[in-house]
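See structure below.
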Amino acid sequence: MRILLSTWGWRSHFYGLAPLGWALQAAGHEVRVASHPSMASTISSAGLAAVPLGADLDFAEAFAGRIGTVGPLDPSATQPTGALEPAITADGGVVRFADALLDELVDFGRSFRPDLMVWEPFNLAAPVAAAALGVPGVLNLWGPDSSVTLRLDREAVIGPLAARFGLPASAVALDGALTLDPVPPPMQVPLARPGHPVRFVPYNGPAVLPAWLRRPAQRRPRVCVTAGTMMAGNGLADRLDLPRVVRSLAELDVEVVVVVDPRQHAGLDRLPDGVRLVDAPLALRLVLPTCAALVQQGGAGTMMTALSFGVPQVVLPQVSDQHFNGERLAVTGAGTALPPEQAGGAALRDLVGELIDDGPWRTSAALMRDRIHATPTPAEVVPTLAALARA
């Protein structure tokens, strides 16, 4: 078969697609990954063929003023101070990225003639292209489906995109004909249709295994601190006081490993003893198996990576779906979230001290790990996708 994967302009959105691309490719299918030109090196470094299409947009500029604390959908609920309405709007960044990709995506599809298209959440160009090409589509979730928190007016948002190809908005299935769901209960929210389970396989980009990581942590438990890529990439790195977080954890008898974007190294040059600041490519999938706990910002990929290794975690959410992910994590008992005012100091120190113990946090994290590992691998899902394409 010819399979066309499509991702939009942020590399962590692609990472969840990579293992499925590998499985399809290893099964002998012809795989292409279409995205904006700036994504070509990210895709090709994962061993998949990149198809650069459309125009590049500056992510920070496209979402300027639109990344922040997301308020609840219920208009009667108390709105957090400075909260944004949780919505995908016709003039928002999600639509701007779709607009920059859509026409060339359909043009390429007409020449490549895929048997199946696969996309990840918030990529609106791909489902419109699938409808225009008459190709079955698959939505590949990367974590808990945060779209349930968003308002989306289909006519206003999807209508103009679909109309380019003579289609009504109703002809576009945003969740495809099948939804691949890597999130085991009780973490996932109710989906529009039952999802097909698929194992979450961690991929966090290229990595190099350093000498210090070739053996287990010595003497003291290891705690990893990360802040993902979205915050630094959008000029929001100052939302989380990383030095304060690290100093709080250093008060424990632990080894602290800080894995952050190089742009967040400023202010981390005078760290306490026992803290290791990683300055080389180091994917979380390499360091987390050696860790007793994780402190992170609330990214879905980061959260799922930790769960796949049974590592208890605490989320320090600052913006957007980080709050949603922290709430879904808390439901599992494998971790919890702290409000911004407690992202450091005694509250964080004491909570992480509990996480590294062999208590209920660790038991719940191990249970979620086992549930993830019990789901079908991407390779085992390939026949289902082949059947969908044949149908």
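The values are calculated or read from the model by the stated rules, or taken from the named source; none is laboratory data. On a predicted model such as this, the values are computed, not experimentally measured, just so you know. Using ideal geometry, Cβ is built from the backbone for each residue, glycine included, and neighbour counts are taken over all protein chains shown. Calculation scope for accessible area: heavy atoms of the full protein, side chains included, ligands and nucleic acids excluded. Shrake-Rupley method; radii C 1.70, N 1.55, O 1.52, S 1.80 Å.
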Looking only at residues that are at pLDDT 95 or above and open to solvent by less than 30 Å² (accessible area, probe 1.4 Å) in the stretch 189-211, which one is farthest from A300 (Cα to Cα)? V198
Of all residues in the stretch 142-159 being out of contact with any helix residue (DSSP H, G or I) (no Cβ under 7 Å at 6 or more places or on another chain) and of a type in the set (D, E), the one that is surrounded by the most Cβ atoms within 10 Å (Cβ to Cβ): D145
Can you tell me which residue within the stretch 52-72, out of those that are of a type in the set (A, V, I, L, M), buried (at least 18 other Cβ atoms within 10 Å of the Cβ) and in a loop (DSSP other than H, G, I, E, B), is modelled with the highest pLDDT? L53
Could you run through the stretch 95-151 and say how many residues are part of a strand (DSSP E or B) and more than 22 Å from the chain's Cα centre (by Cα)? 1
Return the pair list, or none, for Cβ contacts closer than 6 Å from residues in the stretch 264-287 that are small (G, A, S) to residues that are open to solvent by 80 Å² or more (accessible area, probe 1.4 Å) and not in a helix (DSSP H, G or I), at least 6 apart or on different chains. A280/V208
Given the condition at pLDDT below 95, more than 14 Å from V223 (Cα to Cα) and open to solvent by 30 Å² or more (accessible area, probe 1.4 Å), answer yes or no: does some residue in the stretch 285-297 qualify? no
Can you find, within the stretch 340-391, the residue that is most open to solvent (accessible area, probe 1.4 Å) among those that are under 19 Å from P312 (Cβ atoms) and part of a loop (DSSP other than H, G, I, E, B)? D358
Tell me yes or no: at least one residue of the stretch 21-37 is assigned to a loop (DSSP other than H, G, I, E, B), in contact with a strand residue (DSSP E or B) (Cβ under 7 Å, 6 or more places away or on another chain), open to solvent by 20 Å² or more (accessible area, probe 1.4 Å) and modelled with pLDDT of 95 or more. yes
Can you confirm whether the stretch 112-127 contains a residue that is farther than 30 Å from M304 by Cα, touching a Leu at 6+ places or on another chain (Cβ under 7 Å) and surrounded by fewer than 19 Cβ atoms within 10 Å (Cβ to Cβ)? yes
Specify which of the listed residues (E120, E155) is among the acidic types (D, E) and free of Cβ contacts under 8 Å to residues at least 40 places away in the same chain. E155
Hey, can you tell me all the residues within the stretch 268-303 that are touching a Pro at 6+ places or on another chain (Cβ under 8 Å) and of a type in the set (D, E, K, R)? D279, R285
Counted residues, the stretch 160-180 - those being open to solvent by less than 20 Å² (accessible area, probe 1.4 Å) and either part of a loop (DSSP other than H, G, I, E, B) or closer than 30 Å to G335 by Cα (or both): 3
Condition first: within 16 Å of the chain's Cα centre (by Cα), open to solvent by less than 20 Å² (accessible area, probe 1.4 Å) and closer than 17 Å to S364 by Cβ. Now tell me which residues in the stretch 314-339 satisfy that. V315, N325, G326, L329
Give the residue that is nearest to Q297 (Cα to Cα), with candidates limited to residues of the stretch 215-243 that are at pLDDT 90 or above and either open to solvent by 20 Å² or more (accessible area, probe 1.4 Å) or polar (S, T, N, Q) (or both). T226
Test: residue in the stretch 355-372 that is in contact with a strand residue (DSSP E or B) (Cβ under 6 Å, 6 or more places away or on another chain) and at pLDDT 95 or above: yes
Taking the stretch 198-217, which residues are over 17 Å from the mean Cα position of the chain (by Cα) and touching a residue at least 24 places away in the same chain (Cβ under 8 Å)? A207, V208, L209, P210, W212, L213, P216, A217
